[in-house]
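The values are calculated or read from the model by the stated rules, or taken from the named source; none is laboratory data. Predicted model, so just to flag it, every value in this text is computed and none were measured. Cβ placement follows ideal geometry from the backbone for every residue including glycine, while neighbour counts extend to all protein chains displayed. For accessibility, only protein heavy atoms count, side chains too; no ligands or nucleic acids. Shrake-Rupley method; radii C 1.70, N 1.55, O 1.52, S 1.80 Å.
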Amino acid sequence: MDFNLTKEQTMIRKMVRDFAEEVIRPRTIEIDTEAKFPLDIFEQMGELGLLGIPFPEEYGGSGGDTLSYAIAVEEIGRVCGSTGLSYAAAVSLGASPIYYFGTEEQKKEFLTPLASGEALGAFGLTEPNAGSDAGGTKTTAVLDGEDFVINGEKCFITNASFAKTLIVTAVTGKNEKGKNIISAIIVPTDAEGVTITSNYDKMGVRGSDTAEIVLDNVRVPKANLLGDEKKGFSQFLYTLDGGRISIAALGLGIAQASLEKALQYAKERKQFGKSISNFQAIQFKLADIAMEVELARNMVYKSAWLKDNDKPFTKESAYAKLFATETAFRAANQAIQIHGGYGYMREYEVERYLRDAKLLEIGEGTSEIQRLVIARQLGC
Ligand SMILES: Cc1cc2nc3c(=O)[nH]c(=O)nc-3n(C[C@H](O)[C@H](O)[C@H](O)COP(=O)(O)OP(=O)(O)OC[C@H]3O[C@@H](n4cnc5c(N)ncnc54)[C@H](O)[C@@H]3O)c2cc1C
C-alpha cells in the first residue's frame with residue numbers, strides 16, 4: 001500500500017490551501033453573517049481550474065482525479081463551509097452527471113462551461129414531498145413532439161440562483177411493473193417557465209445559495225435527456241455515491257479546522273495559572289478529535305481512490321460521508337467546549353463550524369440514509 005500523495009495531488013493541496021487562506025479566509029465571517037454567495041470567489045476558482053479538477057481537458061477540465069478534487073474540497077472546507085458546499089455541489093452534482101452519462105454533444109455544450117468555470121451547475125432532485133425517498137418524485141416530463149414539457153417543484157437546491165444549467169429529475173413514464181420511470185434532464189435556467197427563488201434563512205452554510213425551483217410548462221429539447229431514460233434512478237444513485245465523497249471531504253475540512261482552532265486556543269488560554277492544554281480533560285478531547293480527523297481522512301481518501309481505480313465504492317463513500325460528517329459535528333462541538341464562553345461568540349468562528357457541519361449530516365443523504373445504504377451493502 002502507498003499512502004503517499006502524488007506530486008500533482010500535493011501541488012493541488014498547496015495551491016488550494018494558499019488560495020483559501022489568501023482569498024477566502026478574509027471573507028469567511030462576512031460570507032456567513034451577510035449570507036451572501038461569493039460569486040467573485042467562484043470566478044477566481046474557475047480561473048484556477050478548480051471547478052474542472054476531475055474532468056478531462058478536452059471538456060474544459062484540469063484532468064485531475066477524484067482524490068485531488070476531494071483534497072481541494074477539504075482545503076476549501078477547512079476555511080469556509082459555505083464556499084466548500086457550493087464548490088462540492090457545482091462539481092459533483094451540477095457537472096459530474098453530464099460527464100458520467102452525457103453524450104459527446106452534451107459534454108461539449110453543457111459540461112465545458114461548467115468544467116472551465118465559466119458557469120455553475122445545479123442538481124435538482126429534492127422536492128417538497130420527496131427528500132430521502134427520491135422515488136417519490138412528482139415532477140413530470142412529458143414528450144410533446146421533439147420536446148419534453150416539464151412541470152413540478154424542487155426545493156433546497158444548491159447554487160440554482162447562480163446556475164446556467166440545472167439537472168432535474170422527473171417522471172417520464174411507467175415501467176412494465178407499473179412503477180414510475182425517473183429520468184434526468186438538462187434544463188437551462190433561462191428557459192421559459194423556470195422560476196428560481198432563494199429565500200431560505202439557513203442555520204449554517206449561509207453563504208451557499210439554496211433555492212426553490214418551479215418548473216411551469218418548461219420546454220427543453222428531447223436531446224437534453226441525460227443518459228438512459230430508464231436508468232435515471234440508478235444514474236442519480238451513482239451521482240450521489242460520488243457526491244458523498246465530496247461532502248465527506250467537506251466534513252473532513254471542517255473537522256480539521258476545529259482541531260486547529262481548539263489546539264491553538266488550548267495552548268493560549270490560561271486558567272488556574274497554566275494553559276488549559278495542561279489539563280487532561282482538555283488533552284483527551286484534543287486527542288479524540290485528532291484521531292477521528294485522521295480516521296475520517298483515511299476513509300475519504302480511500303473512497304476517492306476506489307472511484308479513481310474503477311472499483312466499487314458505494315459502501316465506502318457512505319462510510320466516509322457518515323463518519324467524516326459526524327466527526328465534523330463532534331469536533332466542532334468539542335472545539336466550542338474547549339473555547340468556553342468565547343466559543344459561543346461568532347468572532348471565534350468555531351460556532352460557525354458547528355452550524356455548517358450540521359448540514360452535512362442532512363444533505364446528499366442523511367446519516368440515517370447512509371446507515372441504510374451500508375446495511376443494504378451488508379446484505380440486509
Ligand atoms: C442547505 C441544503 C442544500 C441542499 N442541496 C440540495 C441540492 O443541491 N440538490 C438536491 O436535490 N437536494 C438538496 N438538498 C436536500 C437534501 O438532500 C434533503 O434535505 C435530504 O436528502 C433529506 O430530505 P428531507 O429534507 O426531505 O428529509 P426527510 O426525507 O423528510 O427526512 C426526515 C427525517 O426522517 C429520516 N428518514 C427518512 N427516511 C428514512 C428511512 N427510510 N429510515 C430512517 N430514517 C428515515 C431522515 O433521515 C431525517 O432524519 C439540500 C438540503 C439543504 C438543507
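List of remarks:
- Considering Ser161, Ser183, the condition of being within 16 Å of the ligand (Cβ to nearest atom), touching a strand residue (DSSP E or B) at 6+ places or on another chain (Cβ under 7 Å) and not in a strand (DSSP E or B) is satisfied by Ser161 alone.
- Flag if Leu252 is surrounded by fewer than 18 Cβ atoms within 10 Å (Cβ to Cβ), under 19 Å from the mean Cα position of the chain (by Cα) and assigned to a helix (DSSP H, G or I): no
- Meets criteria (open to solvent by less than 30 Å² (accessible area, probe 1.4 Å) and more than 16 Å from the ligand (Cβ to nearest atom)) for Ala191: yes
- Applying the criterion of being in contact with an Asp or Glu (Cβ under 9 Å, 6 or more places away or on another chain) and within 20 Å of Arg78 (Cα to Cα) to the residues of the stretch 209-244, the residue that is surrounded by the most Cβ atoms within 10 Å (Cβ to Cβ) is Arg244.
- Of the numbered criteria (1) in contact with a Leu (Cβ under 7 Å, 6 or more places away or on another chain); (2) surrounded by fewer than 17 Cβ atoms within 10 Å (Cβ to Cβ); (3) not hydrophobic (A, V, I, L, M, F, W, C), the one Gly204 fails is (2).
- Helices (runs of 4 or more DSSP H) fully within the stretch 290-380 counting 3 or more residues that are among the charged types (D, E, K, R), within 16 Å of the ligand (Cβ to nearest atom) and in contact (Cβ under 8 Å) with a residue 40 or more places away in the chain: 350-360
- Failed item in (1) within 16 Å of the ligand (Cβ to nearest atom); (2) more than 20 Å from the chain's Cα centre (by Cα), with Tyr200 passing the rest: (2)
- When residues in the stretch 182-216 are screened for being more than 14 Å from Thr126 (Cα to Cα) and in contact with a Phe, Trp or Tyr (Cβ under 8 Å, 6 or more places away or on another chain), 6 of them pass.
- Selection from the stretch 240-269 of residues that are among the polar types (S, T, N, Q) and under 14 Å from Lys358 (Cα atoms): Ser258
- For Ile167, the criteria (1) surrounded by 24 or more Cβ atoms within 10 Å (Cβ to Cβ); (2) closer than 30 Å to Glu292 by Cα; (3) among the hydrophobic types (A, V, I, L, M, F, W, C) hold in every case but one, which is (2).
- One residue from Glu43, Glu58, Glu30, Glu21 being more than 30 Å from Met203 (Cα to Cα), open to solvent by 30 Å² or more (accessible area, probe 1.4 Å) and out of contact with any Asp or Glu (no Cβ under 7 Å at 6 or more places or on another chain): Glu58
- Residue count for the stretch 120-144, restricted to those that are under 23 Å from Ala88 (Cα atoms) and away from the ligand (no atom under 16 Å from the Cβ): 0.
- Number of residues in the stretch 218-245 that are without any contact (Cβ under 8 Å) to a residue 12 or more places away in the chain and within 19 Å of Glu146 (Cβ to Cβ): the value is 0.
- Search result, residues across the stretch 84-119 that are of a type in the set (S, T, N, Q) and either open to solvent by 20 Å² or more (accessible area, probe 1.4 Å) or more than 12 Å from the ligand (Cβ to nearest atom) (or both): Ser96, Thr103, Gln106, Thr112, Ser116
- Selection within the stretch 336-358: residues that are among the aliphatic types (A, V, I, L, M) and open to solvent by less than 50 Å² (accessible area, probe 1.4 Å). The member of this set that is nearest to Ala266 (Cα to Cα) is Ile338.
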